[in-house]
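The values are calculated or read from the model by the stated rules, or taken from the named source; none is laboratory data. Fair warning: this is a prediction, and the values are worked out from it, not measured in the lab. Here Cβ is always computed from backbone atoms with ideal geometry, including for glycine, and neighbour counts include all displayed protein chains. Ligands, DNA and RNA are stripped out before the accessible areas are found, and what is left, the full protein with its side chains, is counted by its heavy atoms. Shrake-Rupley method; radii C 1.70, N 1.55, O 1.52, S 1.80 Å.
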Amino acid sequence: MAANYAQPPGTPAQTLKYIPFEVNADSSATFRFYAPNAKTVTLGGDLKAVKSEMGADSVWTITTSPGLNPSVYRYHFLVDGNKVNDPKNPMVADFRPMVEVVPKNKALFWQQKDVPHGLLSIVYYPSKATNTTRRMFVWTPPNYFADNKKLPVLYLMHGGGDNDTNWPGQGKAGWILDNLFAEGKIVPMIVVMPDGSIPTETFAEDLGNNIIRYIEQNFRAFTDTPHRAIAGLSMGGLQTLETLLKFPDKFAYVNVMSSGWFANRPGIFEKYDPLVKAAAARIKQTVKYFIFTTGGASDIADKNNDLTRAVFEKYGLKSELSKMEGGHSMYVWRHDLYNFSQKIFK
């Protein structure tokens, strides 16, 4: 059964350390895949395997014939005949299947509607924080290219295990913004959705020193604090906090969604308490609207959220709190974006 090959977070499929792919000296390619219950694992797509065997750690090693031409190849694993995408491939987050479960004959705020649509661009930029070229999605409103007006910018981060495709994809950010714009409920703005799949401190540096600069040099964006907002869900909420503390004078609007420093991690609050204290005066001067949001008691981050918010309040940094029952889910975070985007830049 295909279900035998499901690989949820926390299993060896996610935590086991091994090299998932390498090119060998004879120009063959070797792939590796954890599948302890499989009887056969081979390759499908553009490549064929000539050797496949399972090791003692239940990791299959699958090798092609030598002499492959330099090229870009599509591939997947065939696990007992079932097509399975490589969970270790960084591109896997780009094409996770999704289904829409909605009532019949009902249009929800995040669904595509017959309204003018903004442009959702894929942008590559040089990151000095990682010394690589990185990717982000950028939404610009309808008629952006028809005038020369500068716009404010919202920086919007995804959660752990995802990448910059998450907000435009499962999050339906483009449709949400299109619909709100058509209804006159949001100020025309640029929304930047970066790839946050790097360490939190590195991401904060990348956003504060590279992404913002790139956007303000390449888009018609205001370059002052009152015209910048930042928001993020789960891991993206931690990145929001990290960036806010590292750059306390860069953002006027902040939304921490289903996130906060981990209550069960020893020393974490001892680390961040003095950082909040040090940044508090600047944040008071610059932040106009500060909100923490969660999916209520069923949200795994609810306690962390409350404890983290209390640290900010300890140093006089007041914030709003919204708890919408729905757990740690995009169901809640779409509403967060819907609500937050209507509050900012006004």
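Condition test on Val115, is it within 29 Å of Pro97 (Cα to Cα), assigned to a loop (DSSP other than H, G, I, E, B), open to solvent by less than 50 Å² (accessible area, probe 1.4 Å) and modelled with pLDDT of 95 or more? Yes.
Against the list (1) under 22 Å from Pro152 (Cβ atoms); (2) free of Cβ contacts under 8 Å to residues at least 40 places away in the same chain, the condition Arg228 fails is (2).
Looking at segment 262-270, can you tell me whether even one residue there is open to solvent by 30 Å² or more (accessible area, probe 1.4 Å), modelled with pLDDT of 95 or more and of a type in the set (Lys, Arg)? Looking through segment 262-270, none of the residues is open to solvent by 30 Å² or more (accessible area, probe 1.4 Å), modelled with pLDDT of 95 or more and of a type in the set (Lys, Arg). So how many residues does segment 225-252 have that are closer than 17 Å to Ala173 by Cβ and open to solvent by less than 10 Å² (accessible area, probe 1.4 Å)? So the count comes out to 9. The set of residues in segment 101-111 being under 21 Å from Asn339 (Cβ atoms), open to solvent by less than 100 Å² (accessible area, probe 1.4 Å) and of a type outside the set (Phe, Trp, Tyr) consists of Val102, Ala107, Leu108, Gln111. Does Gly208 satisfy the condition of being open to solvent by less than 40 Å² (accessible area, probe 1.4 Å), at pLDDT 95 or above and farther than 25 Å from Val287 by Cα? So Gly208 does not fit the description; no. Among helices (runs of 4 or more DSSP H) entirely within segment 133-221, having at least 1 residues that are over 21 Å from Gln239 (Cβ atoms) singles out 173-182, 212-218. Checked against (1) over 25 Å from Val138 (Cα atoms); (2) in a strand (DSSP E or B); (3) of a type in the set (S, T, N, Q), Thr293 meets all criteria but (1).
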